[in-house]
1. Just grab the label-to-label distance for residue 495 and residue 306, each label 7 Å out from Cα along the Cβ direction, in nm (one decimal).
2. Can you give me the solvent accessible area of residue 150 with a 1.4 Å probe, rounded to the nearest 10 Å²?
3. Strictly greater than 15 Å: what percent of every Cα pair in region 441-494 meets that?
4. Assigning unit charges at the beta carbon (Lys, Arg +1; Asp, Glu -1) and nothing else, what dipole magnitude in debye, to the nearest 20, does the chain show about its Cα centre?
5. If you bin every alpha carbon distance in region 412-567 into 10 Å steps from zero, what whole percent lands in each bin?
6. Round to a whole angstrom and tell me the spacing of the C-alpha centers of region 359-388 and region 51-74.
7. Net charge near residue 28: determine it from the other residues with C-beta under 11 Å of the C-beta of residue 28, scoring Lys and Arg +1 and Asp and Glu -1.
8. When the accessible area of the chain is split by element with a 1.4 Å probe, what percent falls to carbon and sulfur?
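The values are calculated or read from the model by the stated rules, or taken from the named source; none is laboratory data. Just so it is clear, the model here is predicted, and its values are computed rather than measured. In this analysis, Cβ positions are derived from the backbone assuming ideal geometry, glycine residues included, and neighbour counts consider all displayed protein chains. SASA here: full protein model, heavy atoms, side chains in, ligands and nucleic acids out. Shrake-Rupley method; radii C 1.70, N 1.55, O 1.52, S 1.80 Å.
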Amino acid sequence: MTIAQHLESSLSATLTQILGETIVASVSPATDLRFGDYQCNAAMALAKSRKMNPRALAEQIIAALDIADLATTEIAGPGFINFRIKAEAYATRMQAAAIDERLSVDRIATPQTIVIDFSAPNVAKPMHIGHIRSTILGESLSRIARFLGHNVITDNHIGDWGTQFGMVTWAWKNVLDEAALLADPLEELLRLYRYASDSSKTDEAIREACRSELVKLQQGDAENFAIWTRCLELSKKGLNAIYNRLDVSFDHWLGESAYNDALAPLVEELLEKNLARESEGAVCIFSDGSVSDPTKDPFLIRRDADWTDFPMMIRKSDGAFNYATTDIATLQFRQREWQADAVWYVVDHRQSSHFQQLFAVAARLGMAEVDLRHIAFGTILGTDGKPLKTRAGDLPQLADVLDDAVSAARLTVNERSRLDTDEERANLAELIGISAVKFTELAHHRLSDYVFDLNKMVALEGDTAPYLFYSFVRSRSIFRKLEETFQPGSTIELKEEAEIHLARLLSRFAEVLPSVLDDCRPNLLTTYLLETARAFHSYFEACPVLKAEGITRYSRLTLCDVTARTLQQGLQLLGIPVPQRM
Ligand code: ARG
């Protein structure tokens, strides 16, 4: 149980007793440490609806509360209750964390089966910034949800069946460079796609040829199917190379093509159930009028002063199926085969109306119980404040972004590192470069746009991954200078303000992690880790470790140890491994 949970359960029990009905009280971390560590405003809310005096109720609560070992209490203002956690209570928590491999982070009481749909690039098309954000965010959320005890299923729903294959197939037959394909499959497939797409813009005959290659593929033509299969294999190989570099993995790769056979019967089912109807030759899903506020109806759109239909198309007039059709089939599969309690889609915010419609359709199909979330995110900007582009004006490819970050990191490493060999320095630069890209992504509120500034990201000072690495290495290095063997778990004592503050933050790890999943915001964890690292440096300045003796020395070593492990565990949950030396 966390400290906050301990306070909450005591408060709830006390209030239930005083008021004679079941009350669930909550506390929040105090914004100003001068008033204590946690705060509860339940007395005010409860007194108001019962026409009681809030201060009197607060007094009644603290008189009956049984938390003398944990905290001292104080009433402030009209009836806030402030809790100051005792140094001994923090010491006890640190002792427990020191010998617990989970650092006293509990598993969630009611685990769910959560399907996380992330990364999902499109085969043979540029993997754009949206996919970078999705990959990094999705991996971190999966790790955190898993660590907290959920049954997580990750699925890379790649776009492996779409109009781009008409173009790629045509270019494959006409301008393929086999050697280039073997050397760098993603690059060559992208070149084929771009070649065909550019040529068909100006040449009607090529446009027609691409279209007929697509029709042949869809009708099962053996040659085109073989080309498609090979494209897919090579793409997966190329993508896996990137995922390995990023230490990202998936339980499944069920791309769009996996649902091809389910689409025709799905449309029939929706027509039969009157959930969809024909409209100008296409099949669409419309508003069912169940949402009274038109601004909240995803099937309506405002045109001038009126609300008009904004249907979800599930079969085009030429008989082809849509992105939306595949997503409905995919969701049905996830619910039926995996018994998903929740599905999280980590996808660009520009697809938000698609997901609102999808979720509404899911409810109409009887899946209202499934917790469906669109984990949306914004754009990455260049230092000019415009969406990030390469110098040539193209969408930056993930591999290039990583290479650039590693080059920037190499400069910092060469300047600052104390490592001896070139090989060690090269490895550290690779680690810092990639970690900096990940950390910067995760450190921003996912919905906000942020500026991709390589020099800032790889700097040792600032709110960066290398700063956390440095903090980790510093907290570990003390153990190399030790003559005795350190065995964590015995009684410790905290006296100085700096050590109490560090312990306060370290104790909060168990509170911060679950809060990340409330709104899928890993930036709560990055903020926490930076704050903890800063508290560690202040502590390290204020509280000598190796010069101390007895229980003070032992207590301070324990704090160093718990700090190192918290930073390491926290970073691991962000998908970032730590260096042992820098
Ligand atoms: N391939 C899609 C894109 O690049 C993303 C797919 C996201 N997942 C989903 N189930 N729709 O835009």
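1. 8.1
2. Result for residue 150: roughly 20 Å² accessible.
3. Details: 958 of 1431 pairs.
Pairs farther apart than 15 Å: 67 percent.
4. Details: 61 positive and 80 negative charges, 257 e Å.
Its charge dipole is roughly 1240 debye.
5. Histogram of Cα-Cα distances, whole percents per bin: 10, 34, 32, 20, 3, 0.
6. Rounded to whole Å, the Cα centres lie 43 Å apart.
7. Values: positive: none; negative: 8, 37, 511.
With Lys, Arg at +1 and Asp, Glu at -1, the net is -3.
8. Working: 13330 of 27070 Å².
With neighbouring chains kept in place, the figure for the chain is 49 percent.
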